[in-house]
Amino acid sequence: EAQVTQNPRYLITVTGKKLTVTCSQNMNHEYMSWYRQDPGLGLRQIYYSMNVEVTDKGDVPEGYKVSRKEKRNFPLILESPSPNQTSLYFCASMNSGANVLTFGAGSRLTVL
Amino acid sequence: AQSVAQPEDQVNVAEGNPLTVKCTYSVSGNPYLFWYVQYPNRGLQFLLKYITGDNLVKGSYGFEAEFNKSQTSFHLKKPSALVSDSALYFCAVSTPGGSQGNLIFGKGTKLSVKP
């Protein structure tokens with residue numbers, strides 16, 4: 001089944017403890033992106049990647065890092081999480097020129 | 001700057017009645033417009049898109065949307081609502097020239113369909 005897989009789906013952590021949210025897609029898509037969803041704010045883009053080794057900042061990149069060493073994987077790294085990063089995170093991918101994003105199921109992160 | 005507005009936080013409709021979820025946008029240039037739906041505890045799913053051509057776009061689950069350039073709107077419609085349509089709906093816009101995955105999303109409208 002064509003899909004975007006995120007892990008973990010739920011995580012509670014403490015301020016300052018580094019964490020990584022993994023994202024993997026099995027559709028050979030070039031484009032991948034991370035969003036965060038907060039009540040009343042909709043979805044905001046954190047980082048995106050046009051292809052392997054090509055990444056760029058979205059609208060709210062502060063406090064996050066990404067890497068794209070392989071086409072299928074696009075992990076989101078929080079080096080020193082803070083409570084304002086408590087949110088619902090979505091990874092998405094897209095074939096170039098297709099215009100349609102495929103989203104993962106989401107990762108709910110709570111930072112205490 | 002590009003922006004998308006969904007003026008209603010929530011829309012309540014009785015089952016069987018028509019529904020409309022509103023969206024207006026502001027972009028420079030010709031827009032690419034999208035609707036996505038989010039069911040509880042799920043990721044967003046693509047419903048429909050307008051890129052060019054016919055202003056009335058038909059999508060999944062019986063939904064349609066009409067692109068109105070003069071009013072800069074792209075309202076989502078369905079002739080007869082189902083209880084199973086209850087979900088969170090997002091309008092999004094991008095423009096040619098930029099990365100088409102770099103969508104600007106509205107804040108979302110919660111649709112509640114009552115039996």
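The values are calculated or read from the model by the stated rules, or taken from the named source; none is laboratory data. Just so we're clear, the structure is a prediction, and the values are computed from it rather than from any experiment. Positions of Cβ are backbone-derived with ideal geometry, glycine not excepted, and every protein chain shown enters the neighbour counts. The protein model used for the area step is the full one, side chains on, heavy atoms only, and it has no ligands, DNA or RNA in it. Shrake-Rupley method; radii C 1.70, N 1.55, O 1.52, S 1.80 Å.
For the reader, a short list of remarks on this structure follows.
- With respect to (1) of a type in the set (Phe, Trp, Tyr); (2) more than 23 Å from residue B:37 (Cβ to Cβ); (3) open to solvent by 50 Å² or more (accessible area, probe 1.4 Å), the lone exception for residue A:10 is condition (2).
- Cβ pairs under 9 Å, 6+ apart, first in the range A:50-66 and closer than 21 Å to residue B:106 by Cα, second basic (Lys, Arg) and open to solvent by 60 Å² or more (accessible area, probe 1.4 Å): A:58/A:44; A:59/A:44; A:60/A:44
- Of the listed requirements (1) open to solvent by less than 40 Å² (accessible area, probe 1.4 Å); (2) part of a loop (DSSP other than H, G, I, E, B), residue B:76 misses just one: (2).
- Qualifying positions in the range A:20-40 - of a type outside the set (Asp, Glu), in contact (Cβ under 8 Å) with a residue 60 or more places away in the chain, within 18 Å of residue A:69 (Cα to Cα) and crowded, with 17+ Cβ neighbours inside 10 Å: A:21, A:23, A:25, A:29, A:31, A:32, A:33
- Filtered by the rule that a residue be assigned to a strand (DSSP E or B), within 17 Å of residue B:70 (Cβ to Cβ) and open to solvent by less than 50 Å² (accessible area, probe 1.4 Å), the range B:25-46 gives B:25, B:33.
- Condition met for residue A:49 (under 26 Å from residue B:40 (Cα atoms), small (Gly, Ala, Ser) and crowded, with 19+ Cβ neighbours inside 10 Å): no
- Selection within the range A:89-112 - buried (at least 17 other Cβ atoms within 10 Å of the Cβ) and either outside any loop (DSSP other than H, G, I, E, B) or touching a helix residue (DSSP H, G or I) at 6+ places or on another chain (Cβ under 7 Å) (or both): A:89, A:90, A:91, A:92, A:93, A:94, A:102, A:103, A:107, A:109, A:111
- Looking across the range A:67-112 at every residue that is of a type in the set (Val, Ile, Thr) and within 14 Å of chain B (Cβ to nearest Cβ), the one that is farthest from residue A:1 (Cα to Cα) is identified as A:100.
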